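Below is one structure, written out as structure tokens; comments come after it.
What follows draws every value from the coordinates through simple rules; no lab data is involved. What you see is a predicted model; the values in this text were computed from it and never measured. Using ideal geometry, Cβ is built from the backbone for each residue, glycine included, and neighbour counts are taken over all protein chains shown.
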Amino acid sequence: MSLKKSSENYTTIKLLLISLISTLVVIYPNLNSFAWMMSFMDESTKTWYTYFFIFRYFYFAVLFWLLLNINLRKMQMAGLKQRLIRTFVIAVPAFAAYALFSFTRCHKYDFISIVISQFFAIAVVCVFVGYIAMLYRKQRIDEQEIEQLKIENLQSRCEALANQINPHFFFNSLNGVASLIRKKNDDDALAYVNTLSDVFRYILQSEKKGLVTLEEELEFLDSFRYMMGVRYANKLSFDIEVDDSKMKLQIPVLSLLPLIDNIIVHNRIDSEHIMVITIRMNEKDELVVSNPIYKKLTPAETNGTGIKNLENRFALMLNKVVRIENDGETFRVYLPLK
């Protein structure tokens, strides 16, 4: 909340209405004595005293408005001591001016002890209203700053997690291009490079995104699986079945890439071990990615960053847990959607 925006909450009309109503409370003792005094005055004195009572009411109301305006709009972040000093610097001369007029013209109808208490009450109320408003405003600003820091920290952590994917995928992709070049298959190499550019574009743009629709993520996978098809020929395929009504559900960007990469790294994929990756939606609106397990004879040397990365991003961005099932024959990952 900016100071400019918060000051707009205290408009002149609002402060004036508050002042007029609050002044009625302050001059309540005078209201009680007004009828009693009128009972023993002659007509000319009654008229004069009525005008004086109206003058007193509006004099107090204007003073109330002035002090409220200073405390709420001019000293928004001032401390209690500063408020007291500035408020009484104005209230004391205002009391002196009123006293000079009142006690020289109608001193017998105005009691100095009541007038002093009224001026003191107006000043103290305005100071504490302004001070309490400042404390509330400061609390709101602190809360917004903390929330902003949380958002920025969350964005930084998510970007760092997403950026972990890029270098690993980049080098694997270059290996695919190199393989096609060695085979001197120009057409496939050109198609591969064109598709690779689409994939890289999506990955680079992912740094500016948090959540994407399931439709966007599957479109990216369609380009990616073409590249995998070139790399593994007919030994790697995808079986995707997702209803159109679920396509607008949201998922953290680049959720499928580390799963596919994890499958490729940890499994044998050859003519004897055809890898079919299945992608389905279950009744809980979870995207289920599953694959048969074909353990490599020599386990891959990895640090488990891919799956851990994915779990962290889902926790940060959706506050949901990625479930993993491994029965020894099939590996399943359940991705909760939003």
- request: For region 136-141, take each phi angle, set θ = phi - 60°, evaluate the Karplus expression 6.51 cos²θ - 1.76 cosθ + 1.60, and give the result in whole Hz per residue in order, putting x for glycine and proline.
  value: 5, 4, 5, 5, 5, 5
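For Tyr59 and Ile324, FRET efficiency with R0 = 51 Å and r from the beta-carbon atoms, rounded to 0.05?
Values: r = 77 Å, r/R0 = 1.50.
The pair Ile324/Tyr59 has a calculated efficiency of 0.10.
Near Met281, within a Cβ-to-Cβ distance under 12 Å, what is the net charge of the other residues, with Lys and Arg +1 and Asp and Glu -1? Mind dumping the intermediate values first?
Numbers: positive: Lys246, Arg280, Lys284; negative: Glu241, Asp243, Asp244, Glu283, Asp285, Glu286.
Taking every Cβ under 12 Å from that of Met281, the sum is -3.
How much net charge surrounds Gly79 when only the other residues with a Cβ under 12 Å from the Cβ of Gly79 are counted, with Lys and Arg +1 and Asp and Glu -1?
Values: positive: Lys81, Arg83, Arg86, Lys138; negative: none.
Result for the local shell: +4.
Set the bar at 19 Å for Cα to Cα. Now go through Lys14/Lys138; Lys235/Lys296; Lys14/Lys81; Lys248/Lys308; Lys235/Lys308 and name every pair that lies beyond it. Kindly include the intermediate steps, with their values, before the conclusion.
Details: Lys14/Lys138 22 Å; Lys235/Lys296 15 Å; Lys14/Lys81 26 Å; Lys248/Lys308 26 Å; Lys235/Lys308 27 Å.
Listed pairs above 19 Å: Lys14/Lys138; Lys14/Lys81; Lys248/Lys308; Lys235/Lys308.
So for each of 239-246, 265-272 I average, over its residues, the number of other beta carbons within 10 Å; can you give me the resulting order with the highest mean first?
On the way: 239-246: 10.4, 265-272: 13.8.
Peptide ranking by packing, descending: 265-272, 239-246.
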- line: So, with points 7 Å from each Cα along the Cβ direction, the Ile146-Leu297 label distance in nm works out to 5.9 nm
